[in-house]
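This report refers to the structure that appears directly beneath it.
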Ligand SMILES: Nc1ncnc2c1ncn2[C@@H]1O[C@H](COP(=O)(O)OP(=O)(O)OP(=O)(O)O)[C@@H](O)[C@H]1O
Ligand SMILES: [Mg+2]
């Protein structure tokens, strides 16, 4: 899949930009703060119907403006095209269209524009806290699976309600007796969503391991298995009996929620659930989160993200568009070059960097280069 062209108006510091992209490598050069990441953010937006950096929609509207509009022409691997559009108002209203048809649910965007995003903090994926790995899993899975996106959204909404309820009890705004019934209702709702989230995360981690091992071998020149395993505080999810029926799993999760309920009331906050999951990352027998060297954890992080593209391909037979935002400075030159070559092999790639050295001497078959200056793009080649 590739993005053939884009028209961007009023998106952050990008005032009015019209671009036709290379089907191969697109390089955005420019000093800090010129609009490189903004451009990638605008191009990626329709993949999940949100900013990849978690920015609120209002923040995307150009300061001093009231409206932004972005149109991207997408070409699928079978040669067909899709016109994706989104418009946001400063007031918060949003319109998304695919081929002129309004889209109201984010789940309807799933699979229309597949992307994999490398941000500057991607290299911390293995060494950083569990929230980074959860976010990575969520981004990957939401882009693949509408049921997952729906379950995650519903889970997060109900979890916020449950947290509020527990807080209210702790502060004495609600009695424990009153809260218990409501808590049971939230737990029943949460157990259903947690079942979907847990199972899908587990499957996804399993699918990631093969391609991650392969990518790691390519990047680091070391052929050791890289395994990723889903770890949950819910025992029912941590030791899933694959043959057990889904209903059984949901019942087990609900039983765990019920068991920990009195402790949650005492402490005034939820104590278990997929929002606290983690993913173990092992190189051979070594737990990289604890024992990995800086270079190992960085390479493993990049390999995991790259592997996400193979998972997308495995499930959908689509090569996602890759965005590499300023990550080469975090890798040694050798690894950076191997990453570039591997990405460019069969993907459309967008690379943003403030250091022209990062791509110096690299000449893939199809390549376009721009300089980004204060929200404007100047074609260099
Ligand atoms: N809503 C907005 N309206 C206008 N300008 C904005 C808005 N949001 C961000 N900016 C500006 O966009 C610029 C940042 O752009 P961006 O993050 O794309 O930089 P960059 O080229 O990626 O830089 P770096 O190399 O430091 O990552 C900043 O100067 C910021 O002030
Ligand atoms: Mg940037």
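The values are calculated or read from the model by the stated rules, or taken from the named source; none is laboratory data. This one's a predicted model, so the numbers in the text were calculated from it and none came from an experiment. All Cβ positions, even for glycine, are placed from backbone atoms using ideal geometry, and neighbour counts span all protein chains on display.
Per-residue answers, yes or no, for (1) out of contact with any helix residue (DSSP H, G or I) (no Cβ under 9 Å at 6 or more places or on another chain); (2) surrounded by fewer than 18 Cβ atoms within 10 Å (Cβ to Cβ); (3) closer than 29 Å to residue 374 by Cα; (4) modelled with pLDDT of 95 or more:
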| site | (1), (2), (3), (4) |
| --- | --- |
| 73 | yes, yes, yes, yes |
| 84 | no, no, yes, yes |
| 92 | no, yes, yes, no |
| 95 | yes, yes, yes, yes |
| 107 | no, yes, no, no |
| 114 | no, no, yes, yes |
| 120 | no, yes, yes, no |
| 126 | no, no, no, yes |
| 130 | no, yes, no, yes |
- Message: Give me the residue from segment 346-372 that is within 27 Å of the chain's Cα centre (by Cα) and without any contact (Cβ under 8 Å) to a residue 40 or more places away in the chain and, out of that set, farthest from ligand 2 (Cβ to nearest atom).
- Response: 346
- Are there any strands (runs of 3 or more DSSP E) wholly within segment 273-369 with 1 or more residues that are surrounded by fewer than 19 Cβ atoms within 10 Å (Cβ to Cβ) and in the same structural domain as residue 133 (by TED's automatic domain parsing), and if so which? 278-283
- Of the listed residues (264, 214), the one being buried (at least 20 other Cβ atoms within 10 Å of the Cβ), modelled with pLDDT of 95 or more and not in a loop (DSSP other than H, G, I, E, B) is 264
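Regarding residue 318, is this residue more than 16 Å from ligand 1 (Cβ to nearest atom), under 15 Å from residue 36 (Cα atoms) and in contact with a helix residue (DSSP H, G or I) (Cβ under 7 Å, 6 or more places away or on another chain)?
Values: more than 16 Å from ligand 1 (Cβ to nearest atom): yes; under 15 Å from residue 36 (Cα atoms): no; in contact with a helix residue (DSSP H, G or I) (Cβ under 7 Å, 6 or more places away or on another chain): yes.
The answer is no for residue 318.
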- Query: Filter segment 62-91 for residues that are assigned to a loop (DSSP other than H, G, I, E, B) and within 14 Å of ligand 1 (Cβ to nearest atom); which is farthest from residue 108 (Cα to Cα)?
  - Reply: 64
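Inside segment 42-61, can you point out the residues that are under 16 Å from the mean Cα position of the chain (by Cα), within 11 Å of ligand 1 (Cβ to nearest atom) and surrounded by fewer than 22 Cβ atoms within 10 Å (Cβ to Cβ)? Break it down into steps so the answer makes sense when it comes.
At the first step, the residues of segment 42-61 found to be under 16 Å from the mean Cα position of the chain (by Cα) are 42-56.
Right, trim to within 11 Å of ligand 1 (Cβ to nearest atom) and you get 42, 51, 53, 55-56.
Matches in segment 42-61: 51, 53, 55, 56.
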- Message: I'd like to check something: does segment 139-146 contain any residue that is touching a residue at least 12 places away in the same chain (Cβ under 8 Å) and farther than 25 Å from residue 302 by Cβ?
- Response: yes
- Note on the structure: Result of the Cβ filter at 7 Å on segment 222-237, keeping first residues that are within 14 Å of residue 206 (Cβ to Cβ) and assigned by TED's automatic domain parsing to the domain that holds residue 276 and partners that are assigned to a loop (DSSP other than H, G, I, E, B) and at pLDDT 90 or above, at least 6 apart or interchain, is 225/284; 230/277; 231/277
- Look through 103, 17 and report the one residue that is under 30 Å from residue 364 (Cα atoms) and touching a helix residue (DSSP H, G or I) at 6+ places or on another chain (Cβ under 9 Å). 17
